[in-house]
Amino acid sequence: MGQPVVLTGMVLTAMPVNDFDKRITVLTKERGKITAFARGAKRPGSQLLAAANPFSFGEFEFYEGKSAYNLTKASIHNYFRELAEDMETAALGFYFLEFAEYQCQENNDEKEMLKLLYQSLRALESPSYRKELVRAVFELKAVQINGEGPQVFSCMNCRAKESLIAFDVRRGGMLCADCAKDAAAQPLLESTRYALQYIASSSVEKLYSFAVSDEVLQELARIARDYTAHYVRHAFKSLQIIEDDAFTVEIKK
Ligand SMILES: [Zn+2]
């Protein structure tokens, strides 16, 4: 065995292996997504018992094996335990992890995605943010980080920067009043356009610092879902738990 390597990251998945071990994937700042074995992590009293679980964020010490890393120590800063307090919040948290697991690669620079994951889970735990808003912001920023975010500052057809009044998922962004006439585009409230532009231009650190009305939230959530479904094209298991009527935004009139 060589020198240990210490990486900062978050556990995305943890699968039991044998009676006492786990196989985990960790999204790290330094090396992108990695797979590791946490030997003895299921033994009572193991130092890795709490660390080798989804959402654990901190510093992890590994030895590099031939095909995988071996986790030896961990110093966890945040377990995100409050996510477990209700089912919907936990399910959304798992959806964010699954999204990152699907999108991120080994030996790739995934710092922005790690930051987004961390900030989004913090926002999810906070009572100040609507969960549907956190989900929409996460989805839109995650596809943007992956290089497929929507164009929200000019018309997809004529590049006009004024009177952007509709969003066309298939074309990947906004349409102006003239170009929206004969397109199957979804009309937008002005505040929804502002929110989309804020999400696209804001740094991850400042992402969760705005509030929206119910109407805007509903438009934003629908755009984020349709856009993600169209450009990511992956059936996320954790979404099946979330997507029932109890979890859609109700508009109070
Ligand atoms: Zn146009």
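Points to keep in mind about this one:
- Proximal charge balance of Thr89 [Cβ under 9 Å; K/R count +1, D/E count -1]: -4
- Computed over segment 5-79, the quotient of the alpha carbon radius of gyration and 2.2 N^0.38 Å is 0.95.
- The three principal axes of the Cα atoms in the chain give end-to-end lengths of 65, 37, 29 Å, sorted in falling order.
- Pairs exceeding 20 Å between alpha-carbon atoms, taken from Lys33/Lys115; Lys111/Lys237; Lys22/Lys66; Lys111/Lys141; Lys115/Lys206: Lys111/Lys237.
- Nearest 10 degrees, 0 to 90: helix 111-125 Cα axis against the chain principal axis: 80 degrees
- Principal semi-axes in Å for segment 28-125 [√(5λ), Cα gyration tensor, largest first]: 22, 18, 11
- Cα centroid separation, segment 75-116 to segment 1-67 (Å): 15 Å
Quick note: the coordinates plus some simple rules give every number you see, no bench work behind them. Everything quoted here is computed from the prediction, not taken from an experiment. Quick reminder, even Gly has a Cβ in these numbers, built from the backbone with ideal geometry, and neighbours come from all protein chains shown.
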